[in-house]
Amino acid sequence: MKERGGDGYKIYEHGTIKKSIERMVLENELSKSIELGCFHLDYQPIFNLATSNLTGVEALVRWDHPDLGRIPPDQFIEIAEETRLIICLGKWVLRQACRQARKWEEKGYYYTMAVNVSAVQLADPEFLMIVKNVLEDEGNNPSLLELELTESVLGNQAEILGVVEEIRKLGVKIALDDFGTGYSSFSYINELPIDTLKIDRSFIHNLDAKVQNGAIVEAILSIANTIELNVVAEGIERQEQLTILKKLGCQEGQGYFYSKPIEAEECEKYMKINRQS
Ligand code: C2E
Ligand code: CA
Ligand code: CA
Ligand code: CA
């Protein structure tokens, strides 16, 4: 395709047009689906590695498109962030997760509910108010809510730091997600007031094969223990990984070895088992 440019014609590659059309369609569909509520949350159980007891769950959003079927978050979160639709979607996710957590609280199931929060949401001036309102409306115990942030939330903005501090004053916990994947992971531990570190699954992946991967996990755990942070290992898939993590003193973990993300009712089975044991 040709477009009249300043000094002639600009040639677009066919693929570029196709991609931008696909993207426009996706954006449009995303915005319609948010209005219609075509999403649901799955929950991935998180366990204490030493005791195998359930300690909490992580809420993960799923898009149930009426024609395309289920679309995984990796295929739409980025677009939702770029278009700021994540603010509306994220608000829905938070409310939904808190509502579920409250239902469990009412049944005597006191587990941490971890909710992913995008940098775009955190930078929204209304975010603190949204968190406050949701907790109040749904009647949750704030200390059972944990917001998972990634390093991308912090540039150098003191404002963001202030918001995180205010959220923490509500009693809500803060986790640093995908830990170890960013440029300056370790410096963020000092800057951000956090409760939990989630070691990115790329470090867990080769835990049995590569000595240097083990060394990184060991270093993370040693720092975390010194400053009394809770550590969750992500993406545990095999027994060997679990064995090494336990040996290194990692407290908690999640991954396919234990359970994939599942529906709330299925999650509740783990809570029942916990109660009986
Ligand atoms: P994340 O926060 O790092 O979430 C963990 C992801 O790892 C989930 O993918 C989960 O299904 C997957 N996972 C868990 N255990 C294993 C394992 O043993 N092996 C492997 N290979 N994968 C495992 P999911 O649900 O597809 O979510 C992908 C990402 O999308 C999340 O990564 C998070 O960054 C984002 N996301 C999901 N839900 C939300 C949300 O409600 N809000 C925001 N802002 N982002 C979300
Ligand atoms: Ca997460
Ligand atoms: Ca993660
Ligand atoms: Ca991630």
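We did not get these values from a lab; they are worked out from the coordinates using the rules stated. Because the structure is a prediction, the values reported are computed rather than measured. Using ideal geometry, Cβ is built from the backbone for each residue, glycine included, and neighbour counts are taken over all protein chains shown.
Magnitude of the charge dipole for the stretch 1-146, about its Cα centre and with charges confined to Cβ atoms of Lys, Arg (+1) and Asp, Glu (-1), is about 160 debye.
Per-residue ellipticity at 222 nm, computed for the chain from helices alone with -39500 (n - 2.57) per DSSP H run of at least four residues, works out to -14500 deg cm²/dmol.
Database remark: amide H of T55 closer than 5 angstrom to the amide H of I46, F47, N48 (H placed geometrically; neighbours at sequence offset of 5 or more, or on other chains; Pro and chain starts carry no H).
Of the GluC sites (Glu not before Pro) found in the stretch 89-172, the ones in coil according to DSSP and having at most 12 other Cβ atoms within 10 Å of their Cβ are E126. Which residues among the stretch 19-54 fall inside the zone where the amide N is under 15 Å from a point 7 Å beyond the Cα of T83, along Cα→Cβ? So the set is 19-39.
Can you give the % of DSSP beta bridges in the chain that are antiparallel, to the nearest 5? If I count the DSSP bridges inside the chain, around 50 percent turn out antiparallel. Neighbour counts of other Cβ atoms within 10 Å put S118, S202 in the fewest-to-most order S202, S118.
Separation of the stretch 43-59 and the stretch 146-168, taken as the distance between their Cα centroids, equals 25 angstrom. Across all C-alpha atoms in the stretch 188-236, the radius of gyration and Dmax reach 11.1, 34 Å.
Only alpha carbons enter this Debye calculation for the stretch 162-277, each as an equal point scatterer, and the log10 of I(q)/I(0) it gives at q = 0.14 Å⁻¹ is -0.66.
Residues V211, V120, arranged from fewest to most other Cβ atoms within 10 angstrom of their Cβ, appear as V211, V120.
Distance between the C-alpha centres of the stretch 212-276 and the stretch 93-145: 22 Å, rounded to the whole angstrom. Calculation over all alpha carbon pairs of the chain in 10 angstrom steps from 0 returns a P(r) of 6, 26, 32, 23, 8, 3, 1, 0 percent. Using only side-chain charges placed at the Cβ, +1 for Lys and Arg and -1 for Asp and Glu, the dipole size of the chain relative to its Cα centre rounds to 440 debye. Of the residues I220, I21, the one with the fewest other Cβ atoms within 10 Å heads the list, and the complete ranking is I21, I220.
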